[in-house]
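Here the structure comes first, spelled out in structure tokens, and everything after it is commentary.
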């Protein structure tokens, strides 16, 4: 029975993947979370919000695309904890970055509550 169940699982998975070929009603959902830094890592080989923005544009050219962020983006980052003119940035830069990247929907993660309530309210 186990080989039959394995076969059916793989078969149904393959069918669902091939069923999702590009059609007029295909959508693409890109999901991010725990975005603490905006720049690439590993000498520019990995990550970075510019790379995410490029991916979003590529998908938007092919599909109706929704970009969602599942929290943890206003902190903790090195830039987010920096003081400018005596005030902590507290993720202010990340809101602008997410808007420019094309993020459609954001929810709170635990690190959104690391910053003072009044700063979080301003970010909303």
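The values are calculated or read from the model by the stated rules, or taken from the named source; none is laboratory data. A quick note: this is a predicted structure, and the numbers were derived from the prediction, not measured. All Cβ positions, even for glycine, are placed from backbone atoms using ideal geometry, and neighbour counts span all protein chains on display.
Brief remarks on what is shown
- Boolean, residue 56 is surrounded by 15 or more Cβ atoms within 10 Å (Cβ to Cβ) and either closer than 16 Å to residue 120 by Cα or more than 11 Å from the chain's Cα centre (by Cα) (or both): no
- Residues that are modelled with pLDDT under 85 and either in a loop (DSSP other than H, G, I, E, B) or within 13 Å of the chain's Cα centre (by Cα) (or both), drawn from region 72-85: 72, 73, 74, 75, 76, 77, 78, 79, 80, 81, 82
- Scanning region 93-124 for residues that are over 13 Å from residue 35 (Cα atoms), in contact with a strand residue (DSSP E or B) (Cβ under 9 Å, 6 or more places away or on another chain) and in a helix (DSSP H, G or I) yields a single hit, 119.
- Region 65-79, residues that are out of contact with any helix residue (DSSP H, G or I) (no Cβ under 7 Å at 6 or more places or on another chain) and free of Cβ contacts under 8 Å to residues at least 40 places away in the same chain: 66, 68, 70
- Subset of region 42-64 (residues that are in a helix (DSSP H, G or I) and either within 26 Å of residue 110 (Cα to Cα) or touching a helix residue (DSSP H, G or I) at 6+ places or on another chain (Cβ under 9 Å) (or both)): 49, 50, 51, 52, 53, 56
- Of all residues making up region 30-49, the number that are more than 13 Å from residue 94 (Cα to Cα), surrounded by fewer than 15 Cβ atoms within 10 Å (Cβ to Cβ) and modelled with pLDDT under 90: 7
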